[in-house]
Amino acid sequence: MERAYAVVQAKNGEADILYQTPDFDAQAVVKKLELSDGKQLWISGQDALIRANQELSRRLQAAEEANVAKETFLSNMSHDIRTPMNAIVGMTALAKKHIDEKARVAAALDKIEVASAHLLSLINEVLDMSRINSGRMLLAKENFVLGDLLHDILTIVNPQMEQKKHTFQFTVGDILAESLIGDPLRLRQVFVNIINNAVKYTPDEGRIEVSIHQEKAGDKMILHFQCRDNGIGMTKEFLQRIFVPFERVNSSTISKIEGTGLGMSIVKKLIENMDGEISIESEPGKGTAVMVRIPMACENLRVETANLSNKRLLIIEADPTLQATYRQYLDEFKLTYAIAVSSEEAISALTDADFRGSGFDAVIIGNRVQGVDDIFDLSGYLKKAYGQLRVILISEDDWNEIEYRARRSGIEHFIPVPFFRKSLINGLNQALQQEGGREDLFGSPDLTGKRILLAEDNDINREIALELLKSTNAETDSAVNGQEALDRFLQSPEGHYDLILMDIQMPVMDGYTAVKRIRESSRSDAGTVRIIAMTANAFAEDIAKAREAGMNGHLAKPIDIHTFMQTLRQIQ
């Protein structure tokens, strides 16, 4: 504490000293503090002055460093945002110029899609950092399957690794709980960001290893994630600043790598908000290892086997590790199966089984099949040759990219890799369900006879949504604001609409108010009509607010077509 002070009472513009220490110097006052009784505490003395100056100098240096970091950040962001924007604008102009050349237009659209995704990721990082710092970021609490999350992550990061010819090893250890409770979007963001950094900072033909396992801790599961690379590594000095916002490595080796400098700062804060921990080990020229541990609530995932009783399965899989996994899981549930490593073995097994009168009910095309370059040719042949045989694909491929060809080749169900015990059995059970067998996971659902009300004020967004809805054969009405949507609903016969897609930010009446008015109306269908928010308000608190207003679900813009179609299937 400062050694010289006085208690002062201000009267009529003058200050009366009521008490002072012997060494108090009224000419060297450095602090004035208001006391609760209207008096003031004046602090003076050389020690106090030195400490005050030191504190001011420290704050000034910190402010100057922050300003330099933010100026660098703005300069980087100006470049990084303009780069994908230039690609979008330039490729759009080229597509228009060569509108009659299908191949050139398709190539331009592919590049626009990539650039748009990159631009969106940059914007999301800046918005995330803003919301984290303001304390407005909430984490969702929803059920999700770990295998599906890991498949999404691998689908996102694999193309970049293939482009840089990286050797990638993904290892799954003990998984004690497949169904977890948390925020899968933010968890995916954390893991993808870490792996993407490994890809960015590892030269071509490098090696990246990712492993994941769980351990039980009370009523929680600790999710352990590790990503190790043999990339350029980091110095001890930068390692101490890696979680500081706006920081980017200043090196000519990586000067062309784009980013906000916010990624790892966001990752650390998200992990801390999940009550988790992150640690990093790195050395220049020897690579980096990132370790994450996050405690997560879990639930028991129920296993359905009703449709698998007395069924015979043929699995075509050449990967020894996956073969062992199939045997472990299928034996545990006492299912009947055979394994073939090639198309020749599979066809021989199918022919022999038919000859003996004990044909297979389903064939599972695995992740690796010997002697087959195109699994769709194989599935098409099997479907034509063996009639009622169900064809199931279990693969690490991105379903959104292959589903059109898969459907046309006769594949009726898809299970993502990696899979675990319960997700495999439940997936097979669903694929072999008694009624019709085919699960409509392909393309647009057939909503003939269904009625949908779309509330969207933006002309282009409305045009896109209506075009997507047109492919479902549903009868669609549209409104340009919340009031018009409310009026259309109230003026329609009860039970008329099966689904309402509601934008949030609209003129005249916003989406939240419109939904509340719908739910509060006296109509018999007011509480049962399905209403989905379709909005650019995409944070967890926005989802929670939509739920509170009475909505049944939430679709974030820009709309993911696969997710959009999955949502529409709920009213089939």
Across segment 489-508, what is the number of residues that are within 20 Å of Thr535 (Cα to Cα) and not aromatic (Phe, Trp, Tyr)? 11
Return a yes/no flag: does segment 326-348 have any residue that is β-branched (Val, Ile, Thr) and outside any strand (DSSP E or B). yes
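Yes or no: Ser348 farther than 28 Å from Gly173 by Cα and open to solvent by less than 30 Å² (accessible area, probe 1.4 Å)? Working first, answer last.
Numbers: farther than 28 Å from Gly173 by Cα: yes; open to solvent by less than 30 Å² (accessible area, probe 1.4 Å): no.
When the stated conditions are applied, Ser348 does not pass them.
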For segment 165-187, what are the residues that are closer than 19 Å to Glu396 by Cα and out of contact with any helix residue (DSSP H, G or I) (no Cβ under 6 Å at 6 or more places or on another chain)? Lys165, His166, Thr167, Gln169, Phe170, Thr171, Val172, Gly173, Ile175
Would you point out the residue of segment 435-449, among those that are small (Gly, Ala, Ser) and open to solvent by 20 Å² or more (accessible area, probe 1.4 Å), that is modelled with the lowest pLDDT? Gly436
Among the residues that make up segment 366-379, is at least one of them open to solvent by 50 Å² or more (accessible area, probe 1.4 Å) and under 29 Å from the mean Cα position of the chain (by Cα)? yes
If a residue must be open to solvent by 40 Å² or more (accessible area, probe 1.4 Å) and within 22 Å of the chain's Cα centre (by Cα), how many such residues does segment 526-537 contain? 1
Tell me, yes or no, whether segment 167-183 has at least one residue that is closer than 22 Å to Ala324 by Cβ, of a type in the set (Gly, Ala, Ser) and either in contact with an Asp or Glu (Cβ under 9 Å, 6 or more places away or on another chain) or in contact (Cβ under 8 Å) with a residue 24 or more places away in the chain (or both). yes
State whether the residues of segment 304-323 include one that is surrounded by 14 or more Cβ atoms within 10 Å (Cβ to Cβ), modelled with pLDDT under 90 and closer than 30 Å to Val267 by Cα. no
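Answer yes or no as to whether Thr253 is among the hydroxyl-bearing types (Ser, Thr, Tyr) and either open to solvent by less than 10 Å² (accessible area, probe 1.4 Å) or modelled with pLDDT of 95 or more (or both).
Details: among the hydroxyl-bearing types (Ser, Thr, Tyr): yes; either open to solvent by less than 10 Å² (accessible area, probe 1.4 Å) or modelled with pLDDT of 95 or more (or both): no.
Considered against the rule, which asks whether it is among the hydroxyl-bearing types (Ser, Thr, Tyr) and either open to solvent by less than 10 Å² (accessible area, probe 1.4 Å) or modelled with pLDDT of 95 or more (or both), Thr253 comes out as no.
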Go through segment 144-180 and give me each residue that's over 15 Å from Arg207 (Cβ atoms) and either open to solvent by less than 20 Å² (accessible area, probe 1.4 Å) or aromatic (Phe, Trp, Tyr) (or both). Phe144, Leu146, Gly147, Leu149, Leu150, His151, Ile153, Leu154, Ala177, Glu178, Ser179, Leu180
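Table: residues versus (1) at pLDDT below 90; (2) of a type in the set (A, V, I, L, M); (3) touching a Lys or Arg at 6+ places or on another chain (Cβ under 8 Å).
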{"site": "Thr336", "(1), (2), (3)": "no, no, yes"}
{"site": "Gln370", "(1), (2), (3)": "yes, no, no"}
{"site": "Ile402", "(1), (2), (3)": "yes, yes, no"}
{"site": "Leu428", "(1), (2), (3)": "no, yes, no"}
{"site": "Gln433", "(1), (2), (3)": "yes, no, no"}
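Let's see how each residue does on (1) within 29 Å of Ser121 (Cα to Cα); (2) open to solvent by 80 Å² or more (accessible area, probe 1.4 Å); (3) modelled with pLDDT of 80 or more; (4) not in a strand (DSSP E or B):
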{"residue": "Pro22", "(1), (2), (3), (4)": "no, yes, no, yes"}
{"residue": "Arg51", "(1), (2), (3), (4)": "no, yes, no, yes"}
{"residue": "Arg58", "(1), (2), (3), (4)": "no, yes, no, yes"}
{"residue": "Arg82", "(1), (2), (3), (4)": "yes, yes, no, yes"}
{"residue": "Ala87", "(1), (2), (3), (4)": "yes, no, no, yes"}
{"residue": "Ala95", "(1), (2), (3), (4)": "yes, no, yes, yes"}
{"residue": "Val105", "(1), (2), (3), (4)": "yes, no, yes, yes"}
{"residue": "Ala108", "(1), (2), (3), (4)": "yes, no, yes, yes"}
Against the definition (closer than 27 Å to Asp446 by Cα, touching a residue at least 24 places away in the same chain (Cβ under 8 Å) and not β-branched (Val, Ile, Thr)), how does Asp498 come out, yes or no? yes
Segment 324-345: number of residues that are small (Gly, Ala, Ser), in contact with a helix residue (DSSP H, G or I) (Cβ under 7 Å, 6 or more places away or on another chain) and open to solvent by 40 Å² or more (accessible area, probe 1.4 Å): 0
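Quick grid of which residues meet (1) at pLDDT 90 or above; (2) assigned to a loop (DSSP other than H, G, I, E, B); (3) surrounded by fewer than 16 Cβ atoms within 10 Å (Cβ to Cβ):
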| residue | (1), (2), (3) |
| --- | --- |
| Asp457 | yes, yes, no |
| Asp477 | yes, no, no |
| Ala485 | yes, no, no |
| Ile500 | yes, no, no |
| Tyr512 | yes, no, no |
| Ser524 | yes, yes, yes |
| Lys545 | no, no, no |
| Met565 | no, no, no |
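Only one residue in Glu541, Glu494, Glu520 is within 28 Å of the chain's Cα centre (by Cα) and surrounded by fewer than 16 Cβ atoms within 10 Å (Cβ to Cβ), so which one is that? Outline the logic, then answer.
Working: Glu494 fails: within 28 Å of the chain's Cα centre (by Cα); Glu520 fails: within 28 Å of the chain's Cα centre (by Cα).
It is Glu541.
The values are calculated or read from the model by the stated rules, or taken from the named source; none is laboratory data. It should be emphasised that the depicted structure is a prediction, and the values quoted were computed from it without experimental measurement. With ideal geometry, Cβ positions are generated from the backbone for all residues, glycine too; neighbour counts draw on all protein chains shown. Each accessible area value is taken on the protein alone, full model and side chains, heavy atoms only, with ligands, DNA and RNA left out. Shrake-Rupley method; radii C 1.70, N 1.55, O 1.52, S 1.80 Å.
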